[in-house]
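We did not get these values from a lab; they are worked out from the coordinates using the rules stated. For clarity, every value in this text was computed on a predicted model and none was experimentally measured. Counting neighbours? That spans all protein chains shown, and the Cβs are built from the backbone with ideal geometry, glycine included.
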Amino acid sequence: MSAASFLFRPAIVVAYAILSVCVTDSAGAISPQQTAASRTDTIPPGRRSFEADTFRDEAARELIRRARAERGREAAGLSSWESTIRERISVGLTTQDIRRERGLFTSERVGRVRWDSTGVETIRWFGIRRAVPIAGEGAEIEVERPENLTEFPVDPAGDRLVLAGSPFHHPLADEAGDYYRFASGDTMRVILPSGEEVVLAEVRVEPRTSGFEILAGSLWFDLASAALVRGAFRPARPFDLQLDEPEEADDVPGFLKPIIVRVEAMIVEYALYDLQWWLPTRVRFEGDGQIGSLLTIPVVVEAFTQDVEINEPGLDPEFPTPDGWTRSEIGPCDDPHEGRRRRDERDEPVEGDEEQAARVEADAEGDAEDTEPCENPDGPTRIILLPPEETLVAWFDSDEESQMSDTDPFSSDELNQIRDRLGKITLPPALAAEPTIRLAGFRYNRVESLSGGVRAEVPLDGETRLIGEARIGLADLVPNLSASVVRRSGDGELEMAGYWKLQDVGDWGNPFALLPSAHALLLAYDDAQYYRVAGLSVGWRGGGTTRTEVRLFGERHIDAPKETDVSLPHLLSDYEFPENVTAEEATLFGVSGRVRLQAGRDPARPIYTATVWAEGAVGDREYIRFAGSGSVGAPIARVAEVALEASAGSSVGTPPPQRYFFLGGVETLRAFPNTPDAHRGTAFWLSRVEVGTRNPALRIVLFSDLGWAGSRSDFTFDDPAISAGIGISGLDGLIRLDVARSLQGREPNAWRVYLSVDGLI
């Protein structure tokens, strides 16, 4: 195992844990094992399977009745099914503040699967590869025992929804009426290539109560046969560790809370073969895990079938394995997990170490006890045919048509339609977690000095939170107060807030974060301009690779002068912070918005980002300010990576000084401080170029920044500020250490050192 793989194993485990909250195995909804239909122990005694109000209309009642009767008989007459299955798992890493999402982990698997009605399932693996893009690990595989590769097969005769081992209550189970109501939806007519017409009917699934284990979505049936052909769902509320696993949550540090898993969509779809059988064709799972305000981990799982053969001779489990291949047979009651792991991994007795020898002996005696009883004695026998490791990776490179990375099982229009339908489902109020109170993050700047406080969060229900924060700085002794109501809506959040707080003028980065505060205290780099604001706002933010923020506000702006010069350089040399911008007192009412887009996430391929933002206000001042930025990073000549960024902005009307554009600091012009009388104005342009070594885990980077800011009437490309330097980039630019020197501008030949996050390259 490489060093990078070892380093990122905890992060990958976290990502898999997020995924496993929703689906047990990496094949997602493809693999049919124990379904939620077997969870009869959760039904309260004496409850009826179907309440009187279970069905909104008679058509839904009749279709659900037929579908329940049809469950398990859809594959009647089917003796064998064989298909190539392709699966992709993608795990990202992002925050609200960074420019682009990083690729944390990817996995691709391809195999030929055969199901036989006699109870034998066979899979012949073609390709398996995994990568950790953020650490520079490309396609490779880890040694896996065959018993860990058994979750891939599909049982066409199994459950139509195939919610394998999931915690969800099945909408077609005997107890479904205790959890759901059903209503007729749309119909769809499909013309097959043969000319046959198939009518599909939708039944909407409405949850009675809110819970992560309860689904909301749609079932689509073949109206003629009542066979289920599509399921599109999301849980009735997110998984909240504090609410769902309170004992586990007690062991989590406060700064990592809340830990929430949101599932945006689960889609299972079947296709009609030989005008008789609806068989699995494609699956998608998408969601994300939120770790406090620090990280968001998006997860996407996709799988689809190709080259399907029905009732045909095919994959022979008895064929002689070529040299280097392994053949394993896993019976229904073989234990591939704990007991076997202990036998394989326990230490050998060490001579002279009686305690260790006793432990080994106890492990051996406890193997049988630790093995869980067989839950499916009538399950299939699975035969795993595994080629050599080098073949599993090389297969992708030898067959361009096999590259799932360039294949989209679902089009963007399909997904948008499904997400839109799921987002319109009315969900019942959810239970709320316990309120939490914790320390707000400390920060340091030349207005407040050291500032700290407390943050309280009161969940009102599963989707709505009341958040309050109070803090004060040691230098100005002016309290900062805010209160907001935040409600999750679809893939975003709606926020209503009131506040009296210190604000920065910048359009880049967050000067109140940990690293900018450390720069201010230790290096006297306080590259922000501050003013105080009292106001009310309503805003929405959300999205994945396309992130959108919109905000309506009414605010009073007040000056916030410098109150301290304390820093390490000040103690050593009497260095003083520059003065703060003199903010003009003004009452403003306006709207602001920002849209950030990203294409690509793998540093081995081109990555594009674009951001546009704008703000308009009326009141004591009337103005519109707007700007845009775009970047591209791409490998060149297999030895280096180059990144380019260009930004520009201007304004209309008369914005107050605190709403000018300011350049200077690590986000814009490295080596130049952000001062009130330096690079500021009602217009600006900025360009940055970086060239680095190829490995994203650790790069050496050369860079140069060029920019200008001033009055829009004096807009020019002449005489820009120029800086250049060298840096070290880690984790695909997530961590940066730069040394920069100004070459042309107000402070020529000045040197600065920066530690930052979210580097361009």
Calculate, in nm to one decimal, what R487 and N416 gain on full extension: separation in residues at 0.36 nm each, minus their alpha carbon distance.
23.4 nm
Between V739 and E62, what is the label-point separation in nm under the 7 Å Cα-to-beta-carbon projection?
8.1
Quick one: what are the phi-derived ³J(HN,Hα) couplings along region 87-92, Karplus 6.51/-1.76/1.60 with θ = phi - 60°, whole Hz, x for glycine and proline?
9, 9, 10, 10, 10, x
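How do 254-267, 81-94, 180-193 rank on mean C-beta neighbours within 10 Å, highest first? Provide the component values of the computation, followed by the final result.
Values: 254-267: 20.4, 81-94: 22.1, 180-193: 14.0.
Per-residue mean Cβ counts within 10 Å order the peptides as 81-94, 254-267, 180-193.
How many times 2.2 N^0.38 Å is the alpha carbon radius of gyration of region 436-757?
Numbers: Rg = 20.1 Å, N = 322, 2.2 N^0.38 = 19.7 Å.
That ratio works out to 1.02.
Could you order peptides 672-680, 322-330, 465-473 by the average number of other Cβ atoms within 10 Å of their residues, highest first? Don't skip to the end; give the middle numbers.
Values: 672-680: 19.9, 322-330: 13.1, 465-473: 17.7.
Ranked from most to least packed, the peptides come out as 672-680, 465-473, 322-330.
How much length, in nm to one decimal, is gained on full extension between E329 and V538, taken as 0.36 nm per residue of separation minus their Cα-Cα distance? List each step's numbers first, then the result.
On the way: separation 209, 0.36 × 209 = 75.24 nm, distance 5.98 nm.
So the chain would gain 69.3 nm between E329 and V538.
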So how much slack lies between L450 and D274, counting 0.36 nm per residue of separation and subtracting their Cα-Cα distance, in nm?
56.1 nm
Going 7 Å from the Cα of F715 in the Cα-to-Cβ direction, what parts of region 624-663 have a backbone nitrogen less than 18 Å from that spot?
624-630, 646-655, 660-663
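With a Förster radius of 30 Å, plug the Cβ-Cβ distance of L514 and E576 into 1/(1 + (r/R0)^6) and report the FRET value to the nearest 0.05. Walk me through the intermediate numbers first.
Details: r = 24 Å, r/R0 = 0.79.
According to the calculation, E is roughly 0.80.
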Obtain the nm distance between the two label points defined at I700 and L294 by a simple spin-label model: each point lies 7 Å from its Cα along the Cα-to-C-beta direction.
3.2
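Could you order peptides 735-743, 200-208 by the average number of other Cβ atoms within 10 Å of their residues, highest first? Working shown, then result.
Values: 735-743: 18.7, 200-208: 20.3.
Taking the mean over residues of other Cβ atoms within 10 Å, the ranking is 200-208, 735-743.
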